[in-house]
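First the structure, in the form of structure tokens, and then the observations on it.
The values are calculated or read from the model by the stated rules, or taken from the named source; none is laboratory data. These figures come from a predicted structure and were not determined experimentally. Cβ placement follows ideal geometry from the backbone for every residue including glycine, while neighbour counts extend to all protein chains displayed. Please note that ligands, DNA and RNA were not included when accessible areas were found on the heavy atoms of the full protein model with its side chains. Shrake-Rupley method; radii C 1.70, N 1.55, O 1.52, S 1.80 Å.
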Amino acid sequence: MEYKSTIFREYDIRGIFKEDLHEQSVKLIGHFLGKVVSKDKRVAIGYDARSHSPQLKDWLVSGLNSSGCEVYDMGMVATPVNYFANYQNLSTFDSSLPDCAIDGSIMITGSHNPPEYNGFKITINKAPFFGEDIYALGREIEQNWDLEIKDNTTATQIDVKSKYIEFMLNEFKELKGLDKKLILDCGNGVAGVVIEDIFNGLELNYKGLYCNPDGTFPNHHPDPSVEENLASLKEALKKDGDFGFAYDGDGDRVAVLTKKYNIKGDQMALLYAMDIENPIVIGEVKCSQVMYDELEKRGAKAIMYKTGHSNLKVKMKETNAHLACEVSGHIFFKHRYFGYDDAIYATLRMLELIAKGINLDKEIEALPKVYSTEEIKVKTSDEQKFPLMEKIKELLQNPPTNFPKIVDIITVDGVRINFENGWGLVRASNTTPVLVTRFESKDEKLAIEYENSVNELIKMAQELLVSSE
């Protein structure tokens with residue numbers, strides 16, 4: 001079985017079942033992750049709806065056991081339920097278990113990727129395990145590739161899901177009987193494993209679409225940031241609904257829809273901030289300038305930071321922020337919660353705003369009007385994407401004479417170029433072989449001009465990179 005370093009990504013470990021994630025690689029991931037976990041080596045595992053997730057779990061458990069870990073099995077859960085386990089004592093789930101927290105959790109999930117993909121999201125000591133830690137794990141596995149690990153699937157079953165549901169029912173009991181027609185599209189992911197129980201417990205009036213977990217995703221791809229995946233939800237909403245919510249494959253990302261608007265993550269952050277006193281809000285570099293300007297105008301503190309759920313969790317802890325967001329629908333609450341991205345919790349917080357009489361459509365319509373492109377992906381290779389970014393930065397020091405006037409450049413994650421009437425972003429994706437671009441202006445023609453100018457700059461950088469090789 002072949003070793004592949006490409007499965008070790010910036011935020012998680014991800015690859016194709018049996019090609020990249022096979023018995024040898026997964027057992028070694030479990031073994032060497034177990035070596036990283038300190039203290040009592042108590043590790044909890046959960047998995048998503050993909051057909052191969054239980055097999056990956058068995059291989060992973062064998063590796064963890066071989067390193068001396070005590071393994072706890074949550075079964076099929078949403079990623080936020082997995083994260084939730086890190087903030088509860090084991091005795092909460094079973095009085096016969098120790099009255100202490102786990103030392104780490106691993107979520108087996110391919111998130112919104114195609115059905116043949118899977119992977120691992122890792123939390124150790126309540127912090128994301130990512131970046132150089134993941135790359136170092138990959139190097140250690142490569143050096144010990146021939147290590148043999150026996151099958152040992154011993155694990156203690158724990159019911160985290162019930163405690164998570166109980167927490168939500170208690171936290172949001174004021175929503176009971178909310179008089180709104182709600183539509184939920186779980187996309188056959190694992191959000192439905194918990195959200196229906198919560199909505200039933202709160203006696204909410206809802207219709208569930210594709211709430212049964214099915215890792216083949218027979219109805220549509222579970223990525224709510226892609227408009228075509230929202231077709232069923234929009235149709236149901238138009239027919240008989242007030243608000244709609246759609247989830248990705250593992251339940252940590254949400255789309256919020258009214259009959260008129262698909263509310264993006266940065267717009268959600270503005271809405272949520274209305275209900276937090278003196279909020280500190282972190283947004284990724286892809287967020288609209290409208291979000292940052294409006295937050296500051298309202299007396300909040302807005303911080304721009306790197307894209308990626310792991311980066312935002314770390315920055316939240318560092319700055320004591322109340323809230324963080326990504327445009328794609330990852331919403332992180334530290335205010336009244338634990339500081340991780342949870343689409344189910346974000347749904348309930350949105351329903352709180354609705355219950356308080358906040359008109360979502362009017363709030364969106366009151367925002368300054370801008371034209372924003374969707375994320376545009378420029379294909380490259382994993383080997384070239386970061387050198388290409390360096391070439392782009394060099395060219396921006398002395399741009400072509402016909403390049404739009406640059407006000408300043410933010411380099412927190414790639415380059416966000418502020419022009420006189422808008423901005424353009426170019427950054428290397430940490431998870432795929434592409435550059436990601438996005439553009440915004442009050443004038444649609446200017447946004448297109450920025451896009452064309454930056455695309456020409458990318459082509460120049462590509463040519464320079466090829467000629468220098």
Those residues of the range 291-308 that are closer than 21 Å to TYR371 by Cβ and of a type in the set (Phe, Trp, Tyr) come to a total of 1
If you go through ASN262, ASN212, ASN200, ASN219, the only one that is more than 17 Å from TYR345 (Cα to Cα), polar (S, T, N, Q) and out of contact with any Leu (no Cβ under 9 Å at 6 or more places or on another chain) is ASN212
SER453 vs (1) of a type in the set (S, T, N, Q); (2) out of contact with any Asp or Glu (no Cβ under 6 Å at 6 or more places or on another chain); (3) not in a helix (DSSP H, G or I): all pass except (3)
Within the range 343-382, of all residues that are modelled with pLDDT of 95 or more and among the acidic types (Asp, Glu), the one farthest from LYS442 (Cα to Cα) is GLU352
Note: among TYR292, TYR261, TYR305, just one is closer than 25 Å to ALA428 by Cα, open to solvent by 10 Å² or more (accessible area, probe 1.4 Å) and more than 20 Å from the chain's Cα centre (by Cα), namely TYR292
Exercise for review: Kindly indicate whether any position in the range 66-77 is under 24 Å from ASN212 (Cβ atoms), open to solvent by less than 20 Å² (accessible area, probe 1.4 Å) and of a type in the set (S, T, N, Q).
Suggested key: no
Taking the range 133-160 and the residues there that are within 19 Å of ARG42 (Cβ to Cβ) and of a type in the set (S, T, N, Q), the one that is most open to solvent (accessible area, probe 1.4 Å) would be GLN157
Taking the condition closer than 24 Å to LEU60 by Cα and modelled with pLDDT of 95 or more, does PRO213 pass?
yes
Here the qualifying pairs (Cβ atoms under 8 Å; residues six or more apart or on different chains; first in the range 26-47 and crowded, with 22+ Cβ neighbours inside 10 Å; second in a strand (DSSP E or B) and polar (S, T, N, Q)) come out as VAL43/SER105; ALA44/SER105; ILE45/SER105; GLY46/SER105
Is there a residue being of a type in the set (A, V, I, L, M) and over 21 Å from SER467 (Cβ atoms) anywhere in the range 395-407?
yes
